[in-house]
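Undergrad: Mind looking over this structure? Questions follow.
The values are calculated or read from the model by the stated rules, or taken from the named source; none is laboratory data. Computed from a predicted model, the values in this text were never measured in an experiment. Note: ideal-geometry Cβ built from the backbone for every residue, glycine included; neighbour counts use all protein chains shown.
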Amino acid sequence: MAEMSRTEKWIVNRANPWAYQHVLRPFFQHHLRLPANAALLEVGCGTGQAALITNQLYHPAKFVVTDYDPSQVAEARATFQGAYGQIPSQITVETADALKLRYDDASFDAVFAFFVLHHLSEHKLGKVQAAMVQGLAEIDRVIKPRGSFIYSDMFQRKAIKDYFTGKGYEIVHRQNFLAVIELVIIRKRSISNGLLNSEDGKERHLPRHYGLATHVSFSS
């Protein structure tokens, strides 16, 4: 997984607190519903501002907050310590590689990834498609049936949506911000006997392309 440059990190760390408070918080309040006592994961937490808002709104029973960059993990820990005096016991803030998540299959009710998915691509090695698919597959692996993936990004937006809808996810809500950034909530449908079970309880046959989403094209 690629790390941010020093310049990109400076921009993201200073712009995101405003965006999270004035865009993400109301977006969550109006559109995101999570189960009580949820288990949550954030990939690429940055300074921890989104994780702090998520914790304040949903009070999860377990929240694993991660970043690939140890300096960002330190920033996120400081954010929680500043808000609560110490990191709450149900929250773990740690380094993690989104391409090799060490968590069990179907272990989270929701996974969050804000402005991080394009970093899954190993640009210098020219392995954009392979790395992106590997990272998205890891996210899919750890989400429970009927769990949610909440993300935002400026790049590869169609390919990311195509990947997850190809895996049987349904789009719950999406919203454009500043024209080029898209906030998206998608939900994983449960699967039994070759049928997709969606939120309304109705069963639908798997689409023909189900399971073939690794063929989605990601541009370099």
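Undergrad: Please determine, by comparing only the residues of the stretch 146-181 that are of a type in the set (A, V, I, L, M, F, W, C) and in contact with a His (Cβ under 8 Å, 6 or more places away or on another chain), which one is farthest from residue 28 (Cα to Cα).
TA: Pass one, the stretch 146-181, residues of a type in the set (A, V, I, L, M, F, W, C): 149-150, 154-155, 159-160, 164, 171-172, 177-181.
Subset that is in contact with a His (Cβ under 8 Å, 6 or more places away or on another chain): 154-155, 172.
Values: 154: 19, 155: 22, 172: 12 Å.
Applying the filter and picking the extreme gives 155.
Undergrad: Which pairs have Cβ atoms under 7 Å, sit 6 or more apart or on different chains, and link a residue in the stretch 33-58 that is in contact (Cβ under 8 Å) with a residue 40 or more places away in the chain and more than 17 Å from residue 109 (Cα to Cα) to one that is in a loop (DSSP other than H, G, I, E, B) and of a type in the set (Val, Ile, Thr)?
TA: Listed pairs, sorted by first residue: 44/116.
Undergrad: Scan the stretch 149-176 for residues that are touching a strand residue (DSSP E or B) at 6+ places or on another chain (Cβ under 6 Å) and hydrophobic (A, V, I, L, M, F, W, C) and jot them down. Explain how you work it out, then say what you get.
TA: Here is the first cut: in the stretch 149-176, the ones touching a strand residue (DSSP E or B) at 6+ places or on another chain (Cβ under 6 Å) are 149-152, 154, 157, 164, 168-176.
Scanning the stretch 149-176 gives 149, 150, 154, 164, 171, 172.
Undergrad: Identify the single condition in (1) assigned to a helix (DSSP H, G or I); (2) among the small types (Gly, Ala, Ser); (3) within 23 Å of residue 190 (Cα to Cα) that residue 106 does not satisfy, given that it satisfies every other one.
TA: So residue 106 meets the others, but not (1).
Undergrad: I'd like to verify a number: residues in the stretch 24-42 that are hydrophobic (A, V, I, L, M, F, W, C) and either closer than 22 Å to residue 178 by Cβ or modelled with pLDDT under 95 (or both), how many? Let's see the steps before the verdict.
TA: We begin by selecting, within the stretch 24-42, every residue hydrophobic (A, V, I, L, M, F, W, C); these are 24, 27-28, 32, 34, 36, 38-41.
Checking which are either closer than 22 Å to residue 178 by Cβ or modelled with pLDDT under 95 (or both) leaves us with 24, 27-28, 32, 36.
Within the stretch 24-42, residues that are hydrophobic (A, V, I, L, M, F, W, C) and either closer than 22 Å to residue 178 by Cβ or modelled with pLDDT under 95 (or both) number 5.
Undergrad: Of the residues 73, 64, only one is closer than 26 Å to residue 146 by Cα and modelled with pLDDT of 95 or more; which? Give the steps one after another, and end with the answer.
TA: Details: 73 fails: closer than 26 Å to residue 146 by Cα.
Of the residues listed, the single one that is closer than 26 Å to residue 146 by Cα and modelled with pLDDT of 95 or more is 64.
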